[in-house]
1. Can you tell me which of A:193, A:147, A:230 is in the same structural domain as residue A:50 (by the TED database) and either within 30 Å of residue A:42 (Cα to Cα) or at pLDDT below 95 (or both)?
2. So is residue B:437 free of Cβ contacts under 8 Å to residues at least 60 places away in the same chain and more than 7 Å from every other protein chain (Cβ to nearest Cβ) or not?
3. Can you go through A:270, A:180, A:184, A:237 and tell me which one is farther than 25 Å from residue A:324 by Cβ, in a strand (DSSP E or B) and not hydroxyl-bearing (Ser, Thr, Tyr)?
4. What residue, among those in the stretch B:70-102 that are within 10 Å of another protein chain (Cβ to nearest Cβ) and free of Cβ contacts under 8 Å to residues at least 12 places away in the same chain, is farthest from residue A:388 (Cα to Cα)?
5. Within the stretch A:188-213, how many residues are under 25 Å from residue A:240 (Cβ atoms) and touching a Lys or Arg at 6+ places or on another chain (Cβ under 8 Å)?
6. Just checking, which of A:392, A:432 is closer than 30 Å to residue A:124 by Cβ, without any contact (Cβ under 8 Å) to a residue 24 or more places away in the chain and not hydroxyl-bearing (Ser, Thr, Tyr)?
7. From the set of residues in the stretch A:445-468 that are assigned to a loop (DSSP other than H, G, I, E, B) and surrounded by 16 or more Cβ atoms within 10 Å (Cβ to Cβ), which is modelled with the highest pLDDT?
Amino acid sequence: NPYAGLVSHLRASWLSGKTRPMEYRVAQLEALGRFLDEKKQEILEATELDMGKPSFEAFFSEILLCKNELNVTLNNLCHWMKDEHVDKNLVMQLDSAFIRKDPYGVVLIIAPWNYPIHLFLVPLIGAIAAGNCAIIKPSEISKNTERLVAETLSCYLDTDCFAVVTGGVPETTRLLENKFDYIFFTGSPSVGRIVMTAAAKHLTPVTLELGGKNPCYVSDTCDVTNVAQRVVWGRFFNAGQTCIAPDYLLCTVEMQDKLMPALRAAITEFFGPNPRESPDFGRIVSDKHFRRIRALLGSGRVAIGGQTDEAERYIAPTVLADVLPSDPAMQEEIFGPILPIVVIANMDEAIDFINARPRPLAIYAFSCDSKVVNQVLERTSSGGFCGNDTLMHVTLTSLPFGGIGNSGLGKYHGKFTFDTFSHHRGCLHRNMGLETLNAPRYPPYTQQKLGLLTTTFEVKRRGTCTLL
Amino acid sequence: MQSMQQVVARARAAFNSGRSRPLEFRIQQLKALERMVQEKEKEILAALKADLNKSGPDAYGQEILGVLRELVTAVEKLPSWAAPQPVKKDLLTIRDKAFINYEPLGVVLVIGAWNYPFLLVMEPLIGAIVAGNAVVVKPSEVSENTARLVAELLPQYLDKDLYAVVTGGVPEATELLTQRFDHILYTGSSAVGKIVMAAAAKHLTPVTLELGGKSPCYIDKDCDLAVACRRITWGKYMNCGQTCIAPDYILCDPSIQSKVVENIKATLKEFYGEDVKSSPDYGRIINKRHFQRILGLLEGQKIAHGGETDEASCFIAPTILTDVSPESKVMEEEIFGPVLPIVTVKSVEEAIEFINLREKPLALYVFSNNKQLIRRVISETSSGGMTANDVIMHSVVPDLPFGGVGHSGMGAYLGRYSFETFSHRRACLIKDLRLEVVNKLRYPPGSMEVMHL
């Protein structure tokens, strides 16, 4: 077991108690902030090399959103760490009942390649805030970022408590043989299963942030221009390589016709007449993914875009019209800059279509009629939901971010990350006196004692009041 | 006999019909359960007596009271629990609606245990129903009378398709676990917990595992020994020691060991009389297998009190072992029986180290007049839950989550925590389709200058 030494070193640091004091956690979090500030340029460059990530996007997702999470945590850590006192019943009035937030111990964070800093850093913020030690396993696919993190993070964080492990599938498999006290995984459902199975061997709790096909329903009553801009932004951000990107559109054939010129206009406005030359449009991360996504172009008909360049791993912002449910683009999460449009007759059909499929990470619904948006919300199930926009629900730190069913289990962001990495321990500190109050519970058991016990412990239904 | 696949498919179809979602429906089902508990009280107590020799008041206090309380709470609180929860917005979302929607997960599997066979099936069932799910219940076959009763009663009171009972042993449970559920709550051993989680992993099903372990009980020299020992005796020997949060073993200074033994002996007499075997309030071991297992733990031990057994009735007297070696068999596994080992330690530091060298327990107990010492034990150890200066009681505080950590489990339930365990918290953001001006900032072509606004 090549990582046994590392894990036991971290566990020894954990047992020493050094990660518990608030001052320590704050110091480590502030160091992470300095990492983001001082290595900003390197982060922008690495992610550009890895997937042509436009600087604007990289700044937004890898720096700005991470700093927001950091600041929310630093601003509230003291409050979050406090014991939460709870209501007590009659017998316990002199006792103290509270919930403690205990760290788990040594946690493992496995990050993917598409937002390679954000997706390890935001979980790490919560792990540190909750008082844990952590091993970070960045993705080997975004190899420039992997190298940056492996080489520089140790200059900022306490290396006794935080370590970076690099490598691919074989290394991750060996790493997962070790016992961790929590595992946080972001990636595909199939690897999610493998991670959870490995975790089961040690009874390690997990959070799995997975994916799926996020449907985007556009009703007939809507502002076509605004819809097009918001959908184009969400779909083509990071060249489509976003777990919460709108994966496919559902609308009537009339709306498809109305949307097409608006989508074309939005794409041109954002990326110019030749997106290949725009500094604001990314590239596909690897040859394997490039070929995978290119093969999906043979679905429906190419209405916008469709151009590719293998050498650059460039796929143009593409919209496919009249896509059938049986087409290749509808068989897997696209994770690329292709937006298929599947035509349906009406909202009910769209809802049935969505409900016939695995529950996605996000569902989007666009309509000027709020009743339509509410219907889609009420009648479907997904990790999260955003009405009349894309992606934005995950930028609000007060909302939990996570999946359901195939799209994942658990949630994070803001306080939810802190809660994810803490064990909520129910504590009762009783008074040694007043032993007579305990008498009804002791044997020999009698009906009379039971009556007393019932009176003190039961929850009475609130009385109803009838007006005569 | 329906196949597991058919039962689960029927529950799923019933869930997909949407009828378990309206709050009125859920309340109606919960009230039906309340009627069931009230109308069938005699039958339930008879089953508990047959399975575990629990006496009437004992069984009522341990199992029925808790269930009734959970039902009343669920019915009262459901409207407030289920209400969409608005969240704090930021500048970008100030004009939007942002809230958390509580939604059912789908089909929940509840696997019960045999030691509180009615309670441990009903409490999770209540939680799953209140959150709007369909439920498949698999009571433990070891407590066969209660299992049979639950299988008979639930269909008489609840929607038959939404809430199904499956009976059987390991083969049936294994087959059941191949089906896809949307949450599994399992109460039982760590060994089987691993099997349940591995099966759940195939379907990416979230799990709540209520497992066990050896819950330590540290008695400080500075404490009212008489009171401490009475409380410990109560928690240890209730249900004949077969309680997941029973104090498993005692840690104390050698100088007070004999006083501890004397106090417990005195309390035992007070509780069960001179002849424990004839006390109606003292239970029995669930079956021969566990009887033999616990008997084996006594080998080579110094028995300070008790030790009498009777295989025919699965009777094991309340037993205390002294000067127990940490390496002995009785200190390796969860005892789950009326045997209380005392391991001596010279200081609270030694006690804390002892506890931390072992798997995280479901409960942890410390008795002391010294608040500082108690605080120290709490902050330097980890456990599912804990009580200071008493045992068991943290599990009856309505707003405390009940669950384990590490080997003693994951997740929590009871009260509000049941509702949250069995619900999906869906993040919702509803924006206006107009006001595109605000969004322009984020669209390409972007520039770093704009970003620094």
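The values are calculated or read from the model by the stated rules, or taken from the named source; none is laboratory data. All figures in this text were calculated on a predicted structure; none of them were measured in a lab. Cβ atoms come from the backbone with ideal geometry, glycine included; neighbour counts cover every protein chain shown.
1. Numbers: A:193 fails: either within 30 Å of residue A:42 (Cα to Cα) or at pLDDT below 95 (or both); A:230 fails: in the same structural domain as residue A:50 (by the TED database).
The conditions single out A:147.
2. Numbers: free of Cβ contacts under 8 Å to residues at least 60 places away in the same chain: yes; more than 7 Å from every other protein chain (Cβ to nearest Cβ): yes.
Answer is yes for this residue.
3. Details: A:270 fails: in a strand (DSSP E or B); A:180 fails: in a strand (DSSP E or B); A:237 fails: in a strand (DSSP E or B).
Every option except A:184 fails the conditions.
4. B:76
5. Matching residues across the stretch A:188-213 total 4.
6. Numbers: A:432 fails: closer than 30 Å to residue A:124 by Cβ.
Among A:392, A:432, only A:392 is closer than 30 Å to residue A:124 by Cβ, without any contact (Cβ under 8 Å) to a residue 24 or more places away in the chain and not hydroxyl-bearing (Ser, Thr, Tyr).
7. Filtering the stretch A:445-468 for residues assigned to a loop (DSSP other than H, G, I, E, B) gives A:445-446, A:458-468.
So of that shortlist, the ones also surrounded by 16 or more Cβ atoms within 10 Å (Cβ to Cβ) come out as A:445, A:459.
Details: A:445: 90, A:459: 65.
Checking each candidate, the answer is A:445.
Each row is one residue, and each column tells you yes or no for (1) at positive phi; (2) surrounded by 24 or more Cβ atoms within 10 Å (Cβ to Cβ); (3) among the charged types (D, E, K, R); (4) not assigned by the TED database to the domain that holds residue B:286.
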site	(1), (2), (3), (4)
B:187	no, yes, no, yes
B:190	no, no, no, yes
B:201	no, no, no, yes
B:220	no, no, yes, no
B:255	no, no, no, no
B:259	no, no, yes, no
B:266	no, no, no, no
